[in-house]
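*Asks:* Structure incoming, see below.
The values are calculated or read from the model by the stated rules, or taken from the named source; none is laboratory data. Just so it is clear, the model here is predicted, and its values are computed rather than measured. Cβ coordinates were reconstructed from backbone atoms using ideal geometry, including for glycine residues, and neighbour counts include every protein chain displayed. The protein model used for the area step is the full one, side chains on, heavy atoms only, and it has no ligands, DNA or RNA in it. Shrake-Rupley method; radii C 1.70, N 1.55, O 1.52, S 1.80 Å.
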Amino acid sequence: MTYSISRPWTSKMLRRADSRELLSGLLLVAALVTGYAIYSAAFHGQFHFDDEHSFAGLSHVRDAKSAIEYIFSNDTGPLGRPVAMASFLLNAPSWPDSPRDFLFTNTLIHLLNVVLVVWLALRVCRVLKPRIEIPPTVPVLIGGAWGLHPLLASASLMPVQRMTTLASTFVLLGLLGYVMGRMSVNERPSRAYTVMTASLLLGTSAAVLTKEIGILLPLYAGVLESTLLTPLAPVEKRSFRLWLSLTLGVPTLALLGYMVTQVPVYAAGYSHRSFGLLERIATEPVILWEYARLIAAPMALALGPFHDDYQPLSLLDPTAVLALGGWIVLGSVALLLRARVPLLTFSVAWFLVGHLLESTIVGLELYFEHRNYLPSLGPIALIVFGMCALGGLARQKGRMFASIYIVALGAVLYQVTSLWGQPLLGAGVWVDVHPVSSRAAQFLSRQLSTAGRYEEAREVLVAALEREPRAGDLALQVLQTHCGVISRQEFQDKVSVTGNVLKTAHYSSAAVEAMIKLVDAYVEGKCIHISASHLVTLGEALLLNPRYEKSQVRYVLHRELARVYFYERDLDGTMRHLELAYDVQPDAQTAVIRAGVLASAGLKDEALDVLARSRRVGPLVGTRDEEWNSLLDKAKAGLTGEAVR
């Protein structure tokens with residue numbers, strides 16, 4: 001007789017597992033579709049203050065050669081961020097007319113990162129399985145909460161911040177490879193070490209070439225290793241610890257050591273800021289608590305692109321002392337509870353490590369929401385997991401709490417993206433929330449001008465200047481709006497006042513841009529009151545300001561003053577400022593212009609001498625040897641009539 005063995009409990013468990021995986025997949029798809037729908041509300045947004053610096057070169061991309069030149073021309077970071085620059089080529093046809101394509105691409109990158117976060121969370125939960133049973137829906141809820149969190153919106157809605165999101169893509173890929181290799185270190189050690197090492201090297205390299213925050217990948221891996229991956233105890237502990245020391249310990253110590261040795265350099269870099277190194281050190285712990293509050297309970301009106309009005313604190317300010325003390329206490333508690341509550345330790349360490357570069361001693365601006373893009377993952381994971389655990393991880397009640405939280409995040413995110421997608425409405429709201437933000441006022445003025453409401457645009461800038469009378473960028477922009485509106489004598493008086501302001505004003509790239517626009521208005525005859533002497537007064541005031549001492553800034557200002565003198569047919573003034581521009585930043589284009597000006601004055605021999613001396617100097621800035629020589633050869637051929645070799 002043949003007997004069949006029935007195991008109904010086995011099939012029941014398999015069906016349950018299959019249903020959980022199906023539900024998780026459906027939840028992930030729902031989160032991605034919802035995320036895209038909410039972010040698409042912002043697709044009618046605008047370019048912002050930092051975009052033009054990195055995107056301007058897209059207008060000159062015509063072929064492979066110009067594309068390569070664009071990729072390696074950025075000076076935003078020490079390595080030039082070529083991977084990010086290459087990604088902007090995808091949207092080159094849309095610059096400068098259509099931010100929509102940039103925002104669409106940014107949104108897709110963000111949604112890809114959501115998938116990577118879920119995948120990474122699933123792998124980590126599998127590691128934790130011996131300790132605790134975690135349903136596959138929990139990692140999806142963590143990814144959904146992170147993907148729909150409104151604090152992260154500016155990272156995708158400010159087009160240039162693709163640098164942040166794309167660098168995070170490579171960091172997540174590197175961490176995913178690391179965890180996958182780590183899970184097999186006992187069974188297949190050779191393969192595991194190869195996968196982990198390659199993931200760290202390739203992930204860090206790609207991320208760093210996208211944005212400098214990519215250097216934090218080994219530190220993120222170290223946080224995971226010391227908290228959530230501890231159940232994966234390796235058989236060969238000695239060799240594993242040696243490998244960890246080389247691949248995680250050495251990069252961490254190297255980064256910290258480098259930052260310490262660069263403190264004098266960083267301190268000197270604050271010369272163009274309205275605050276110093278010590279004030280930044282005092283203020284950032286307070287800002288980190290503000291970030292943490294917004295991660296836990298975001299509010300639409302507290303979020304936006306403009307935070308340049310954030311006031312620095314002194315080291316002795318009680319708020320600064322309490323904030324720093326709070327982080328020390330929280331960090332100590334998290335460290336003490338590492339064995340019992342590793343997720344708490346992970347959350348705190350991940351968040352602080354993620355802010356190590358941009359929220360400590362480097363002389364950046366004080367506050368930006370996009371700095372939380374990857375660091376926020378730690379606190380969000382703690383919040384979602386805590387909500388699930390509150391109602392029981394294995395029961396639907398716990399996951400319901402987390403789902404309600406995610407729906408609330410999505411609702412706030414929609415409020416945020418709706419404002420970004422309606423620039424005029426959003427600009428008005430942001431000015432109301434940040435009344436002393438120069439950038440908010442400038443953005444509102446620009447939107448009003450676009451809508452043809454020129455008088456209102458002027459009034460916004462005038463009101464902003466009254467609140468911040470030492471703002472050089474606002475002073476120059478207000479001067480632009482006064483062309484033809486006030487009397488010539490009143491305009492002369494305002495030029496004098498503005499010149500005095502510019503000599504001591506804090507640095508702003510908007511002031512340089514406003515100076516260029518004033519020169520354009522003068523050359524094109526669009527400002528009846530402005531004269532060459534006015535522009536010289538304003539330009540030289542900026543050049544006297546030590547906060548405008550960067551070579552790139554001085555190069556631009558000298559070139560603009562040369563334009564003014566050339567328009568006035570003043571050869572000496574033109575050549576003086578072209579030579580000063582060339583001195584601070586030698587480039588073939590300026591050499592050719594100098595030669596052209598001399599030739600136009602009948603000084604052919606002097607023009608040829610300029611080209612010859614430039615050839616001997618060589619391409620010091622931004623130009624390859626062959627391109628440098630080609631430009632000089634063409635200029636020489638134009639002067640002598642010789643054929644270009």
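*Asks:* Using alpha carbons only, how many degrees (0 to 90, rounded to 10) separate the axis of helix 625-640 from the longest principal axis of the chain?
*Replies:* With both axes taken from Cα atoms, the answer is about 20 degrees.
*Asks:* Please list 3J(HN,Hα) in residue order for the stretch 95-112, calculated via the Karplus relation 6.51 cos²θ - 1.76 cosθ + 1.60 where θ = phi - 60°; whole Hz, with x for glycine and proline.
*Replies:* Calculated HN-Hα couplings, in order: 8, x, 8, 10, x, 4, 5, 5, 5, 4, 4, 4, 5, 4, 5, 4, 5, 4 Hz.
*Asks:* Express the accessible area of the chain per residue in Å², computed with a 1.4 Å probe while the remaining protein chains stay in the model.
*Replies:* In whole numbers, the chain has 47 Å² accessible per residue.
*Asks:* With unit charges on the beta carbons (Lys and Arg positive, Asp and Glu negative) and the dipole taken about the Cα centre of the chain, which residue among 410, 510, 136 sits farthest to the positive side?
*Replies:* 136
*Asks:* Further question: What list of whole percents do you get for P(r) of the stretch 534-593, with Cα-Cα distances grouped in 5 Å bins up to the one holding the largest distance?
*Replies:* Bins of 5 Å from zero give 4, 21, 32, 25, 14, 4, 0 percent of pairs.
*Asks:* If I take the Cα coordinates of the stretch 288-407 and project them onto the principal axes, what are the three extents in Å, biggest first?
*Replies:* Taking the Cα atoms of the stretch 288-407, the three principal extents are 48, 35, 24 Å.
*Asks:* Next question. Distances over 25 Å make up what percent of all Cα-Cα pairs in the stretch 105-213?
*Replies:* So the pairs more than 25 Å apart make up 28 percent of the total in the stretch 105-213.
*Asks:* Compare 211, 65 by solvent-accessible area with a 1.4 Å probe and give them largest first, with all protein chains kept in place.
*Replies:* Most to least solvent-accessible, the answer reads 65, 211.
*Asks:* Further question on the same structure: For the chain, what does the relative contact order come out to in percent, with C-alpha contacts under 8 Å and a separation of six or more?
*Replies:* Once normalised by length, the contact order is 12 percent.
*Asks:* Note down the Stokes-Einstein diffusion coefficient of the stretch 351-423 in µm²/s, whole number, using a Kirkwood radius over alpha carbon pairs, 10 °C, and 1.306 mPa s.
*Replies:* 109
*Asks:* Would you mind giving the average projected area, over all directions, of the Cα convex hull of the stretch 38-131 in nm² with one decimal?
*Replies:* That works out to 8.6 nm².
*Asks:* Right, here's the next one. Dividing the Cα radius of gyration by the Kirkwood radius, what Rg/Rh value follows for the chain?
*Replies:* Checking Rg against Rh, the ratio lands at 1.03.
*Asks:* May I pose another question? Using only the Cα atoms, work out Rg/Rh for the stretch 207-311, with Rh taken as the Kirkwood radius, to two decimals.
*Replies:* 1.07
*Asks:* Using Cα atoms only, what is the angle between the long axis of helix 277-296 and the major principal axis of the chain, expressed in degrees (0 to 90) to the nearest 10?
*Replies:* Value to nearest ten degrees: 50.
*Asks:* Quick check on the chain: helices-only [θ] at 222 nm, where DSSP H runs of length 4 and up contribute -39,500 (n - 2.57) each and the sum goes over total residues. Nearest 500, please.
*Replies:* Result for the chain: -22000 deg cm²/dmol, rounded to the nearest 500.
*Asks:* Restricting attention to the chain, give the cysteines that have no other cysteine Cβ less than 4.7 angstrom from their Cβ.
*Replies:* 125, 388
*Asks:* Hey, another quick one. Got a number for carbon plus sulfur as a percent of the chain's accessible area, 1.4 Å probe?
*Replies:* 62
*Asks:* With a bin width of 10 angstrom, please list the P(r) values of the stretch 30-78 as percents of all Cα-Cα pairs, from the 0 bin to the one holding the largest distance.
*Replies:* Pair shares across the bins are 21, 30, 27, 22, 1.
*Asks:* Would you work out the Kirkwood radius for the stretch 438-524? I mean one over the mean of 1/r across all pairs of different Cα atoms, in Å.
*Replies:* Value: 13.0 Å, from the Cα pair sum.
*Asks:* Ok, one more. Of the chain, which part is the longest with no GluC sites (Glu not before Pro) in a loop (DSSP not H, G, I, E, B) and with at most 12 other C-beta atoms within 10 angstrom?
*Replies:* The longest uninterrupted stretch comes out as 237-523.
*Asks:* Evaluate the charge dipole of the chain about its Cα centre and quote only its size in Debye, nearest 20, assuming +1 on the Cβ of each Lys and Arg and -1 on the Cβ of each Asp and Glu.
*Replies:* The dipole of the chain has a size of about 3080 debye.
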